[in-house]
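Taking it in order: structure first as structure tokens, then the write-up.
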Amino acid sequence: IRDRNFIMLTDEGDKAIIQSPYYLRTRLEVPQDIDLDHVYKAKLIHTTAVHLEVSEYVIQEARKNKGEELLVSFDLEKQVISAYGQEKILNLIDLVDILVPQKLGIMELTQKEYPAEAAKALMEKKTNLKLIVVTLGGEGCLITYRKGSSIQQKVFAAFNVKPIDVTGAGDAFNAAFAVGYLKGWDFVKIAEIANAAGALNCLKIGARAGMC
């Protein structure tokens, strides 16, 4: 029981997670537990950086092998900033192409009051970032991108569903967004598919049941 997490749901489908304090102690050992042969086959590496040193090692080793051909996306949550501190997270972002933060995560990182303001400030600071995709829950997503020398922003509305369980919706969104980006779709199609995946995942209890 001590190594498990517990998820509580409201009648509206919102969740609260009680995370075991032993969770962060359960991790892969670097480098002996990492299968780099498998990593080298990847076109895109996606991380939540819950175990920061593992994420950094995998990304750095993959980049040595594949260079700029490799894409890296990072799902940034507020609690990861609390666990490691702003400086370490900003250093990891130097290795990232696509940042996919929750709105509270990017606001915490930048100390800005609004997601759009936070995303623009971070995009200006981190010139390596190709995209910042802020997930806004029931409001959809905000994509911040470069167009020539300017930074552009666009909100893509969420699908109107009655959520049963929002657990895993962000993961479904991230997976769909990554697939669309790798296929070279335009932002309108990528956002629509990613928002749809997130919405579908909310329709049943369980982290993946809604996608089935």
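The values are calculated or read from the model by the stated rules, or taken from the named source; none is laboratory data. This one's a predicted model, so the numbers in the text were calculated from it and none came from an experiment. FYI the Cβ positions are ideal-geometry reconstructions off the backbone, even for glycines, and counts take in every protein chain you see. Surface accessibility is based on the protein's heavy atoms, side chains included, excluding ligands, DNA and RNA. Shrake-Rupley method; radii C 1.70, N 1.55, O 1.52, S 1.80 Å.
So for the stretch 36-105, Kirkwood radius off the Cα pairs, Stokes-Einstein at 10 °C and 1.306 mPa s: how many µm² s⁻¹?
Details: Rh = 12.2 Å.
It diffuses with D of about 130 µm²/s by this estimate.
Using a Cα-Cα cut-off of under 16 Å, which lysines could be cross-linked to residue 120, ignoring same-chain neighbours fewer than 8 residues away?
Here the lysines satisfying the reach criterion relative to residue 120 are 103, 112, 130, 147, 154.
Tell me, what is the per residue accessible area of the chain in Å², probe radius 1.4 Å?
Dividing the accessible area of the chain by its residue count gives 57 Å².
Which percent of the accessible heavy-atom area of the chain goes to carbon and sulfur, probe 1.4 angstrom?
Carbon and sulfur: 52 percent of the exposed surface of the chain.
Do you know the relative contact order of the stretch 61-204, to the nearest whole percent, from alpha carbon pairs under 8 angstrom that are 6+ apart?
Working: 231 pairs, mean separation 24.1, N = 144.
Result for the stretch 61-204 is 17 percent.
Over 5 Å intervals from 0, what percent of Cα-Cα pairs in the stretch 146-203 sits in each interval?
4, 20, 24, 22, 16, 8, 4, 2, 0
Within 11 Å, Cβ to Cβ, of residue 48, how many net charges do the neighbouring residues add up to if Lys/Arg are +1 and Asp/Glu are -1?
Numbers: positive: none; negative: 75, 77, 171.
Charge balance near residue 48 sits at -3.
Cα-Cα pairs above 21 Å in the stretch 109-212: how many percent?
Percentage above 21 Å: 38.
Using the Cα centre of the stretch 86-187 as the reference point, and only Cβ charges (+1 on K/R, -1 on D/E), how large is the resulting charge dipole? Debye, rounded to the nearest 20.
The dipole of the stretch 86-187 has a size of about 300 debye.
Please report the antiparallel percentage of the DSSP beta bridges confined to the chain, to the nearest 5. Please list the in-between numbers first.
On the way: 16 of 25 bridges.
Percent antiparallel among DSSP bridges in the chain is about 65.
At 18 angstrom or more along the helix axis (alpha-carbon based) and mean Kyte-Doolittle of 0.5 or higher, what helices does the chain contain? Whole DSSP H runs only.
Working: long enough: 52-66 (21 Å, -0.89); 169-182 (20 Å, 0.96); 187-201 (21 Å, 0.93).
Helices passing the filter in the chain: 169-182, 187-201.
Return the whole-Å distance between the Cα centroid of the stretch 90-137 and the Cα centroid of the stretch 33-52.
Answer, in whole Å: 21.
Considering Cα pairs under 8 angstrom that are at least six residues apart, work out the relative contact order of the stretch 143-212 and quote it in whole percent. List each step's numbers first, then the result.
Details: 96 pairs, mean separation 25.7, N = 70.
For the stretch 143-212, the relative contact order is 37 percent.
Regarding the chain, what whole-number volume in Å³ per residue does the convex hull of its Cα atoms give?
That works out to 136 Å³ per residue.
Please compute the net charge surrounding residue 170, taking Lys and Arg as +1 and Asp and Glu as -1 over other residues with Cβ under 10 Å from its Cβ.
Numbers: positive: none; negative: 75, 77, 171.
Charge balance in the 10 Å sphere: -3.
What order do 45, 190 take when sorted by accessible area (1.4 Å probe), most exposed first?
45, 190
Towards the positive end of the charge dipole of the chain, with charges on Cβ (+1 Lys, Arg; -1 Asp, Glu), say which of 153, 89, 205 has the farthest Cα.
Farthest along the dipole direction, towards plus: 153.
Give me the dipole magnitude in Debye, nearest 20, for the chain about the Cα centre, with unit charges on the beta carbon: positive for Lys and Arg, negative for Asp and Glu.
360 debye
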